[in-house]
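One structure is given here, and the rest of the page talks about it.
Derivation of every value follows stated rules applied to the coordinates shown; laboratory data play no part. The shown structure was predicted, so the numbers you read here are calculated from the model rather than taken from an experiment. Positions of Cβ are generated from backbone atoms using ideal geometry, with glycine treated the same way; all protein chains shown enter the neighbour counts.
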Amino acid sequence: MSLAQLHYTSAPPGPDGSGFRFTAVSPGVPATLLREAEQLIGYEPPRDLPDRPDAEQLKSFPKAFSCTELSDGGRLLCRSVYTGADYSGRWGNFHAHAVHLPPGTRLPDGALPITVWESPRWAEATPPGGRPEPVDRIEPSRLLRRDGLVSFARSRADRLAAFFADLRTLADGSDVRQLVLVERDSADVAQWIALACTVLPREQAHRLTFTTYTRRPQQARQQIVGALPSSEPVGHDHRFRVHDCTGRAAGEPVADAWAEVCARIWTAGRPELFRDTARDLGDTADDVGRLAVTALAGGIALPPAARAAAARRAAARAGDLPEPTLTALLGELARAADGDDGSTGSEEPAALAALLARLDGHVPTAVSAPLAARVLTLAVRGRGPVPALGAGSLTPEVRAALARDLAPVLRHGIADPAGPATGRPLSLLHLADLLDVDCTDLLPEFAGRIARELVRTEPAHETPDAVVPGSAGARSAAAGPEAPGSAVPGSAVPGSAVPRSEMPGPAWPRPTHPGSDHPAPGQPGTARAGASLSGTSRPGSARPEAAQQGPTRPGADHPRSAQPGTSGPGSGRPGSAAPPPPCPPALLDALRGHPALRTALFGALDALAKAQPAVVAGRLAGSGLPVALDPGFPHLRMCVLGGAAGGPAGGDRRGRLRAVLHTAGVSPHADPAVLHTAFRLVWPDEPPTGEEASLLLNELGSDAHRLAGTRDLLVAAALAAPAEDTAAPLLAADLLRCFTTELDPADRAPLLLLEYAALLGTDGEGENWVERVRALRDGAVEPVPEQVTRRVYDALARRLLAVPVPESELYALARSGDTALLAAYERAARGPAVAERLRTAPSYAAARFCDWSAYQGTHPGWETTRTALLAKVLRPAVRALPAEDRTAVEEALRRTGRGRLDAYRAWNRPGALGRLAGRLTGRGRREDERASWPGDVQPPAGGGDR
């Protein structure tokens, strides 16, 4: 096929006129094409070159070689050169020789347009006769040869990547701004275009439009525009991206990995790799991964981003790569990138690790071992994930070299207290085992960190610093002072095999007397600072919030919101409020495969479980921790397996205690401390009931509780029992009987009071009840807990309201002026039991009149109490009695003495005399202003008989 040609220059007058015109045109070229081409093939000489050049100077003028897209989709290749003077001697003439490529056609043999730069086919004058000679092909020039382009690329090495990055966005259409190349020679612009066409996919290279020279770049239509320094500047115009190669390079880093790879290939003198990539993998040479694979396999060093792209490509297409290519690629990836010391972050480590995981076991170890060494080096130095490799992934030589190089970094990464305990350190430990790096001395501290991270929380009432091997608590416990409350530093609890410093107190505090930092009324002495077995507040020590809140109902200090055996907080089922998170799979794998780590970690967790059983159980119960792999560690076993021990799910918490003890794998008689841990697992938030504690004491025996250190927990349970817990006094008696000489002096008086509360009303009550109770209370070392005080006062009040009551006891009550005791007496007198007896037993009403009208003026407190009872309790009850019962009351009083009957009748008589008698016996006082009490008896409406 003959190519249509156009010649354009300044010619003498002819049929088509004079001046610049087409002087030779191939047949069949339409006029519309000529009109469009005339706008594209003009030439303006540079301003800084001679106006009247001689023949030698004409050779230095730039050549404008262009490839322009036409409106019909075709292409116009044109070479315009300056020729000096025209036929008339006027300077400024040029000659343009153009070739038209119709839409869909290319140069013969598929040659790229830039390859015909300075081809011998280009003419510098109009052919004779005005008719172009037919041309079916244009031979390439010898000026754009491989060696010349390589030399040119190396001379522009600092500008290549930036140019290729802009070229890529221009070719793919993401940034359509034109590229302006400023060079001192248009031939250099042609070489830039040749470099561009080499790196682009073939189809994009064919579509690329360009011109090697123009004096007015802003008027150019091509994608790449060549210019001289003297051309009009366009740097201020946002439509252009200017690469001025006559000045200093910008020096800014280029983020385009593909551009970097292209630049490296050209400077390495391997442009054939672009052609090989396109031929082997299709017309996709702009794919950075494919190009990077080819470059690395060719021995060209690449930056980390490009290496990462190559590794990802190889991992995805490992089966498609020829063996020589894959082997060469792995060898290059195994070497460190230029300027990469392994201390900065990039995408390469993760990509290399993924490639290694894809190839490990599928290629010979000798081939993959260097890559494995590189991946491990990057991982250990903080650059990427640590791969899980087996012993067969490394050759002996590589393993020995890695061990020498990485041992210090491995040990530091495992022992680093600033990093996480699980995750990466576990991978480093696995790698240390693989490389035979000894880290045995690091395991205790490492295991302590893992244990603390697994538990993570500290309960409010538990020991705040569990003694974990390798922890600060362990170090301070070895050298620091003993826990407060121990009589002798380092001594054990009396009669206990467990030292005080190793026995934490209960999570629930013992109740205290309101305001126990100060003596209660009638209680001499001050509250001493009690200490629990763990060094924290002992059960029953004073609590500031209790002192501020004032009196509360019995048992209010110890909520028993959860019924025995129920789930939820306080149920005794560790972790029942919310399921604990499972242990990390990496940790479980490490424990199964590393016995030394397992032993160290279980030891650390066992110490934590002993100090904070409820917390450890809440975190580890059901977590899958393989405690069954090793014997021992009973406290940890109870915390991990106790939740699934199969104990009763109902209200039998003693049955659950037995089930939890069974999971320990050791008898509490052989290791008494397990009983203490199991006790706190079953009762983490509240003490056991009096019945539960009493049964536990009798079932296990006092020796077991003495050695386990749970004696004080039983004491706290007795002292915390609310009034409705009828087994508490029996528990107190058992404790006094079993631990006669071992009880804390602060606990003895409350227990004696509880025991005596049960004796009142029995043959064992003895004499001097009031004085005995008050003596026990006032003689206590610490203020007696409110529950205990209220229980014994209520029992004493009920006994004083029974029949018969020795007058000496009533007189002791009246004389005592004990506000709390008098309040308990009045509270019992206003209760339903007394009201019922007053209604049904006239003799009881007579006895109450005798008591409440006795010992007038003995003490203001008694005076207030007895008058209130006469007015508010007895009078309404007596007036509500039928006539026969009122007569029976008077008969009973008559038998006691004429004076009592007269006083009764005067007290009960209405009118002026009755009011006078009332003043003597309490009637007429302003008791109506007092609030009504529960159980007050009101007379029938109108005061009539019932």
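So how do Val615, Val176, Val437 line up by other beta-carbon neighbours within 10 Å, fewest first? Working shown, then result.
On the way: Val615 24, Val176 9, Val437 20.
In increasing order of surrounding Cβ atoms, one gets Val176, Val437, Val615.
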*For the range 90-168 and the range 41-85, what is the separation of their Cα centres, given in Å?*
13 Å
*Under a straight-distance cross-link criterion of Cα-Cα below 12 Å, which aspartates and glutamates are reachable from Lys872, leaving out those fewer than 8 residues away in the same chain?*
Glu826, Glu927, Asp928, Glu929, Asp936
*Could you name the aspartates and glutamates whose alpha carbon sits less than 13 Å from that of Lys63, not counting residues in the same chain fewer than 8 places away?*
Glu44, Glu118, Glu124, Glu183, Asp185, Asp188
*asked:* If I stretch the segment between Arg239 and Leu143 completely, what's the gain in nm (0.36 nm per residue apart, minus their alpha carbon distance), one decimal?
replied: 31.4 nm
*Give, rounded to the nearest 20 debye, the magnitude of the charge dipole that the range 287-438 has about its Cα centre when Lys and Arg contribute +1 at Cβ and Asp and Glu contribute -1 at Cβ.*
220 debye
*With no solvent and one point on each alpha carbon, what is the Debye value of log10 I(q)/I(0) for the range 351-421 at q = 0.11, 0.16, 0.23 Å⁻¹?*
-0.27, -0.56, -1.03
*Compute the Rg/Rh shape ratio of the range 23-93: radius of gyration over Kirkwood radius, all on alpha-carbon atoms.*
1.04
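Based on the Cβ-Cβ distance from Leu695 to Thr819, what FRET efficiency comes out when R0 is 35 Å, to the nearest 0.05? Working shown, then result.
Working: r = 37 Å, r/R0 = 1.06.
About 0.40, to the nearest 0.05.
Translational D (Stokes-Einstein, µm²/s) of the range 646-772 at 37 °C and 0.692 mPa s when Rh comes from the Kirkwood sum over C-alpha pairs? All intermediate terms of the calculation are to be shown ahead of the outcome.
Working: Rh = 15.4 Å.
Roughly 213 µm²/s, to the nearest whole number.
First select every other residue whose beta carbon is under 9 angstrom from the beta carbon of Leu629; then total the charges, Lys and Arg +1, Asp and Glu -1. Mind showing how you got there, number by number?
Numbers: positive: Arg592, Arg598; negative: Asp630.
With Lys, Arg at +1 and Asp, Glu at -1, the net is +1.
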*asked:* Need one number: convex hull volume per residue for the range 287-438, Cα atoms only, in Å³.
replied: 104 Å³
*Once the Cα gyration tensor of the range 154-254 is found, what semi-axes does its equivalent ellipsoid get, as square roots of 5 times the eigenvalues, in whole Å, sorted largest first?*
18, 16, 14
*Summing +1 for each Lys or Arg and -1 for each Asp or Glu, what net charge is found among the other residues whose Cβ lies under 12 Å from the Cβ of Gly861?*
-1
_Loop-located trypsin sites (Lys or Arg not before Pro) in the range 220-327, at most 10 other Cβ atoms within 10 Å (DSSP)_ = Arg248
*asked:* How large is log10 of I(q)/I(0) for the range 28-139 at q = 0.14, 0.18, 0.20, 0.23 Å⁻¹ when the intensity is taken from the Debye formula with one equal scatterer per alpha-carbon?
replied: -0.64, -1.02, -1.20, -1.43
*Quickly work out the Arg21-to-Arg90 label distance, labels modelled 7 Å from Cα along the C-beta direction, and quote it in nm with one decimal.*
1.4 nm
*Expressed in nm to one decimal, what extension gain is obtained for the pair Ala357 and Glu884 from 0.36 nm per residue of sequence separation less their Cα-Cα distance?*
179.2 nm
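How high is the FRET efficiency between Ala157 and Ser2 when r is their beta carbon distance and R₀ equals 56 Å, given to the nearest 0.05? Please report the intermediate quantities before stating the final value.
On the way: r = 43 Å, r/R0 = 0.76.
About 0.85, to the nearest 0.05.
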